[in-house]
1. Is there a residue being under 18 Å from residue A:135 (Cα atoms) and part of a loop (DSSP other than H, G, I, E, B) anywhere in the range A:34-55?
2. Can you tell me which residue is nearest to residue B:181 (Cα to Cα) among those in the range B:78-103 that are in contact with a helix residue (DSSP H, G or I) (Cβ under 6 Å, 6 or more places away or on another chain) and either crowded, with 24+ Cβ neighbours inside 10 Å or within 10 Å of chain A (Cβ to nearest Cβ) (or both)?
3. I'm trying to understand the selection: among the residues of the range B:181-211, which are within 16 Å of the chain's Cα centre (by Cα), within 11 Å of chain A (Cβ to nearest Cβ) and outside any helix (DSSP H, G or I)?
4. Given the structure, is residue A:3 surrounded by fewer than 15 Cβ atoms within 10 Å (Cβ to Cβ), farther than 29 Å from residue A:155 by Cα and more than 8 Å from chain B (Cβ to nearest Cβ)?
5. Name the single residue that is farthest from the other protein chains (Cβ to nearest Cβ) among those in the range B:132-160 being in a loop (DSSP other than H, G, I, E, B), touching a strand residue (DSSP E or B) at 6+ places or on another chain (Cβ under 7 Å) and crowded, with 24+ Cβ neighbours inside 10 Å.
6. Condition first: part of a helix (DSSP H, G or I) and within 12 Å of chain B (Cβ to nearest Cβ). Now tell me which residues in the range A:106-124 satisfy that.
7. List the residue pairs whose Cβ atoms are under 6 Å apart, where the first residue sits in the range B:359-385 and is closer than 26 Å to residue A:95 by Cα, the second is modelled with pLDDT under 95 and not in a loop (DSSP other than H, G, I, E, B), and the two are 6 or more positions apart or on different chains.
8. What number of residues within the range A:138-154 satisfy the criterion of being in contact with a strand residue (DSSP E or B) (Cβ under 8 Å, 6 or more places away or on another chain) and within 14 Å of another protein chain (Cβ to nearest Cβ)?
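The values are calculated or read from the model by the stated rules, or taken from the named source; none is laboratory data. Just so you know, these numbers come straight off a predicted model, no measurement behind them. All Cβ positions, glycine included, derive from the backbone under ideal geometry; neighbour counts span all protein chains shown.
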């Protein structure tokens with residue numbers, strides 16, 4: 001007589017995920033205006049100003065939003081008034097999350113975006129964008145850290161994402 | 001189990017066996033000396049998996065909080081599912097950042113792993129629903145570098161039915177409900193939401209409060225109305241309240257004899273520059289020991305008076321709150337001081353704990369999250385008086 005002893009199976013605690021694909025807006029051939037969406041993180045304003053200076057646009061809308069929470073309807077509306085919105089700065093967990101989620105909100109409303117994240121948090125930003133169906137969201141990197149650094153250091157670091165953005169706009 | 005039949009497959013084989021008459025079972029000269037020629041074995045015995053082995057396997061896959069787990073077998077998970085009026089596949093919430101579907105079954109699996117007993121299921125289920133409310137801001141709470149945990153407070157008769165500790169040591173170890181309900185939420189956050197430390201949860205240092213942070217209010221010990229009544233529910237309605245909160249910090253005051261003196265000690269402990277509240281004012285959780293609450297109430301102060309006094313006097317000097325130019329919103333600044341709460345209602349005041357003259361304070365996540373209180377309801381919207389009402393629905 002054969003007796004078979006088997007262990008009970010264990011069930012997986014992992015879950016299926018919700019997925020809705022987001023179609024990104026193309027960068028327009030001619031950009032008349034840009035908006036700078038500053039999430040008030042340390043150095044975000046310097047990064048955005050440096051990028052604006054290098055890109056050279058004169059018609060600029062400036063908006064501020066909370067770092068660890070969604071932008072208000074008014075803030076998002078102001079940011080959506082331009083042909084392109086540049087968002088900064090994702091350099092922590094919740095601010096990266098809401099930078100990316102607000103960029104996706106803008107994309108859904110028809111505004112193309114480019115998000116600036118520190119290189120430490122960019123992998124998470126990309127993963128989050130994938131989870132929200134926007135795997136090809138435009139994200140550029142700035143060297144971490146910026147918080148607690150002097151202005152000149154932040155300006156220097158911002159030249160790299162500025163060059164990346166220039167490349168994206170020139171489609172090179 | 002690799003290389004072995006699953007329990008389900010074994011059952012299927014039993015179904016497929018057509019030779020189970022007594023004659024076939026007694027057939028002689030079976031070359032393999034088995035009673036039944038179709039079955040691989042005459043008897044199949046199922047044993048529970050080894051706890052240490054399963055804990056290690058799950059740990060390696062980053063599916064635990066680092067502590068051993070109870071293996072989530074179907075038998076155990078089914079016992080949980082019986083304590084809900086939802087179907088196993090019904091989605092309670094979508095949990096960010098991974099946007100995992102928190103079905104009843106997945107929440108039950110994580111609850112079993114946490115060590116919950118099945119009657120805790122309705123509380124865990126409502127806690128998951130509560131954290132998914134928009135104003136709670138779970139995307140931010142789960143991913144932040146800030147060491148914010150999720151505090152779960154249970155009010156009403158179900159808190160007593162489940163013997164959730166509201167007395168001595170209620171924020172510490174020793175009670176299965178306090179220890180495992182909070183842990184079930186955390187494991188769900190790790191496995192369903194994808195907030196794995198260092199991957200989806202980016203807390204710089206984390207917090208011991210992320211293991212479990214659950215207690216009940218000592219409603220019978222409080223001189224004031226409990227939180228759920230303050231928020232509009234009847235005292236016999238059971239509720240769960242979730243709040244994004246830091247690990248608690250003690251306020252020791254053995255000597256104050258007046259409400260004002262005692263509250264000033266508390267205010268001084270809460271008004272610190274390093275909290276989120278000092279630059280983005282928000283909720284402040286006060287878990288007041290019953291003896292402290294009695295000192296305040298005996299001085300004639302209502303709960304509303306107490307909250308108002310704390311709101312108006314819990315201030316941080318602007319030069320500390322705005323150090324380095326944190327870009328404080330001007331609306332929070334008055335006469336060079338920053339209020340750490342936006343209104344008296346941001347002072348979330350509850351009574352819990354045993355004898356002694358201590359209170360715990362927990363700073364919140366600033367303006368970025370607001371606590372949520374939900375009644376524990378059956379699916380048809382009726383108030384559950386007991387967890388038994390969820391059973392076998």
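1. Scanning the range A:34-55, I find no residue that is under 18 Å from residue A:135 (Cα atoms) and part of a loop (DSSP other than H, G, I, E, B), so the answer is no.
2. Only one residue fits best here, namely B:80.
3. Those that are within 16 Å of the chain's Cα centre (by Cα), within 11 Å of chain A (Cβ to nearest Cβ) and outside any helix (DSSP H, G or I): B:192, B:193, B:195.
4. No; evaluated as a whole, the condition is false for this residue.
5. B:156
6. A:123, A:124
7. B:363/B:277; B:365/B:276; B:366/B:276; B:366/B:277
8. Residues flagged as in contact with a strand residue (DSSP E or B) (Cβ under 8 Å, 6 or more places away or on another chain) and within 14 Å of another protein chain (Cβ to nearest Cβ) within the range A:138-154 amount to 3.
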